[in-house]
Structures are given as structure tokens and as C-alpha cells.
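Read through the structure below, which is laid out as C-alpha cells, and then see the notes.
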Amino acid sequence: MSDEPLAHLDTHVEELLAAVEALNSLEELIASEPSLVGKRSVLSSLQKSLGSLSPEERRDAGARLQEARRRVDEALRVRRVALEQAARDAELAADYLDLGDVVAGGVEVPLGVGHPGIVALTQYALEEVFVGMGFRVEDGPEVESDWYNFEALNIPPAHPARGMWDTFYLELGEPESVVLRTHTSPTQIHLMERAVAENSLPLHAVMPGRCYRRDTPDARHLASFHQIEGIVVDRGITFADLAGTIDTFTRAYFGPDIDSRLRPGYFPFTEPSAEFEITCTLCRGEGCRTCSQTGWIELGGCGMIDPAVFDAVGIDAGEWSGFAFGFGIDRCAQMRHEIADMRALIENDVRFLRQFS
Ligand code: DAH
């Protein structure tokens, strides 16, 4: 007798594998299992039909059937694993807890912003303008000896010009006084000393930092404020270089419709000296309370470095010349952002701070 009973075995197997592949859920798989591989399945009835075969034929056919069953069982096993995994994924997705929803439904916890406040942001913006003009950015100490804050800047003890700065003294007198720097100008001295020691002139640098004065705060003054100092020491530097630098800076930082002007002034460390003013941005030059009705706001001072200063640091004034300037960073923030009263910068009123976050 032939193995006629298994004539369509391959087709049955293909159909069974396709049926297994088509199972869409674990429930379906469990429900279909008896008809696919159970006692009433095609494979089981084929098994029964082998009884009519000769022992030899039965052995071969049995082996083929066993192999067929193994393939279908394996397909079922693989399918079960995949469906179990899919069921677990679906369960996890259903359980997913969106913490955003929890917060939205609960109490909002407002997050603060870091406090690179408006003054720090202004400092970074100013640095960027000057770096673009070829200056490097340097730092100096806030606590200075009398020599750096005054003497080296051509302000000897008891010089009447000391009255220009109401100074916080940390130590008085012997061997010399220690002060909170009243301006960033002493950093010029540190940089020039270093340039001499390292033989690295010329020098083009800006030096931002905090300064202190015993001033009563008002709309334009704070007792603790910030300046940015600038210095250029090179060969053949003239007042025209200074004026051009100030003008280029003003337009780059405040925009083309804000003018700058230099008015003759006096500082012991520069000769000639000038006061650096810009159009008041609050009234556009019309005159208002903030600019005391003048239409101009003084940002700071500038001038050609006095030979006495070069002497103090050991720079040959015959070979080198230079200019320097120093102005208020808080004042720049005030003008750039049209802040009527500078005290807003230190009051930490969140309604004010939030505007710059
Ligand atoms: N240090 C001066 C002040 O705080 C401002 C100043 C004036 C700085 C002239 C300079 C300068 O570098 O050349 O009042």
C-alpha cells in the first residue's frame, strides 16, 4: 500500500502554519489550539489513518507526521511568545502615567529662573560687542589696596580727587589702606603690570566687574554697581582712536538712533579726559526725570592714559600711548531696557525679573 493518507500532508502543514500566523491574540490562540494540534486536528486524524499501512510504511509516514507536528508546535510556540509580549506591552501602555497630567491636575509649582539677572546679561552682551572689536575680556579683584585703586592711577593720598569716589574702607592706614574698589580702573593697573612683566604689549582689553561706593541709591545710582573698563596700549594711539571706539560701541550696543558725545572732563589718570554720554533712551533726548531733563545720560569717563600712570607701571610713555574708558553696566542695562529707576535692578521684584527671563 502507498502512503496515500499523507498525500496532502505538505498542504495541511502550510495551511496550519498560515493559521498560526494569523492568530491575533492570546485568547484566539488558546481557543484555536485544539483544532490546530489537538485530538480532533488534521494531524491527529492523519495519525489514526496510518493504522492501515504496513509496519515499514507506518514508520516512514510516522516520522513525516512527527516532523510536521514539530513544525506546527514550534510555530505555535513562537506565536505564543509574540502574542504574550504584545499583551504585556498593551498592558504597560494602558498603565502609563503621564506625570505632566498629574501636575496639570494638581498644584502648579512655578520654577524660578537662574539669576544671570539683567545686569549679568547686559555684561555678556557688552563683552560680546567689545570682543567683536578686538578686545579681550579680563577680570580683577574687588578688594584692592589703596595703591591700585588710587595711587597708581595718579591719585596720591589726600589728593582732592579722592573726593570723587565715596570709598568703603576695609582697613585704614598702615601699611596701606584696603578698600572695596570704587571703580574697575585698578584692573587697568594689574593688566599693564602683567603686560610689562610678560613683555606682552600691546594691550587691548575690557574688564567688567562689581564696584562699591558709599552712595545713597537713587534713580541712577547704586552703592554696589558694575562697570566695564577698557584699555588700549599700543604705538601711535590718539584721541581719534578713543572717540571712534566709543562711537562704534554706542551704535553697536544701543542702535543707530542713539548718539554718543564726549564732554571735556577731569580724571586724574587720563589727560585729556572726557565724560561719555549717550542720548537718554527713555525720552529719546526730550528730557525726563531719569536724565534730569537734560536729554543725555552719563555712562562713564574716558581719556588718554596719563604718563604718570605709565610711569607707575613701568611703561615707556615715549614709546607707547593709549586710552582708557570705564562706564556703568547697570546704567547700560537701564538705558537699553528703559528702566526708569535703577533700584529696580536690586529689589528682586519677580514682576520685574520675569520680564528678562
Ligand atoms: N574710573 C572712572 C569712574 O569710575 C571712570 C573712568 C574715567 C575710567 C576715565 C577710565 C577713564 O578708564 O579713562 O569714575
- Message: Being away from the ligand (no atom under 16 Å from the Cβ) and not in a loop (DSSP other than H, G, I, E, B) is the filter here; which residues of the range 137-181 pass it?
- Response: VAL143, SER145, TYR169, LEU170, GLU171, VAL178
- Failed item in (1) among the polar types (S, T, N, Q); (2) within 16 Å of the ligand (Cβ to nearest atom); (3) assigned to a helix (DSSP H, G or I), with GLN355 passing the rest: (2)
- Message: Being in the same structural domain as ASN149 (by TED's automatic domain parsing), surrounded by 15 or more Cβ atoms within 10 Å (Cβ to Cβ) and either away from the ligand (no atom under 14 Å from the Cβ) or of a type in the set (Gly, Ala, Ser) (or both) narrows it down to one residue among ALA340, ALA324; which is it?
- Response: ALA324
- Out of the residues in the range 157-178 that are more than 18 Å from SER273 (Cα to Cα) and free of Cβ contacts under 8 Å to residues at least 12 places away in the same chain, state the one that is least open to solvent (accessible area, probe 1.4 Å). GLY173
- Item | Leading residue by the ranking (farthest from the ligand (Cβ to nearest atom)) among those in the range 286-309 that are closer than 24 Å to LEU242 by Cα and either out of contact with any Gly (no Cβ under 8 Å at 6 or more places or on another chain) or part of a loop (DSSP other than H, G, I, E, B) (or both) | GLY295
- When only residues in the range 247-275 that are within 11 Å of the ligand (Cβ to nearest atom) and not in a strand (DSSP E or B) count, which is most open to solvent (accessible area, probe 1.4 Å)? TYR266
- Quick one: is ASP101 modelled with pLDDT under 85 and either open to solvent by less than 80 Å² (accessible area, probe 1.4 Å) or over 27 Å from PRO268 (Cα atoms) (or both)? yes
- Note on the structure: Looking across the range 209-226 at residues that are away from the ligand (no atom under 13 Å from the Cβ) and assigned to a strand (DSSP E or B), the single one that is nearest to ALA324 (Cα to Cα) is SER224
- Applying the selection to the range 182-191, what residues are within 12 Å of the ligand (Cβ to nearest atom) and in contact with a Phe, Trp or Tyr (Cβ under 9 Å, 6 or more places away or on another chain)? THR182, HIS183, SER185, PRO186, THR187, GLN188, ILE189
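The values are calculated or read from the model by the stated rules, or taken from the named source; none is laboratory data. Quick caveat: nothing in here was measured; it's all calculated off a predicted structure. When we count neighbours, we look across all protein chains shown, and the Cβ atoms used for this are built from the backbone with ideal geometry, even at glycine. These accessible areas exclude ligands, DNA and RNA; they are computed on the full protein's heavy atoms, side chains included. Shrake-Rupley method; radii C 1.70, N 1.55, O 1.52, S 1.80 Å.
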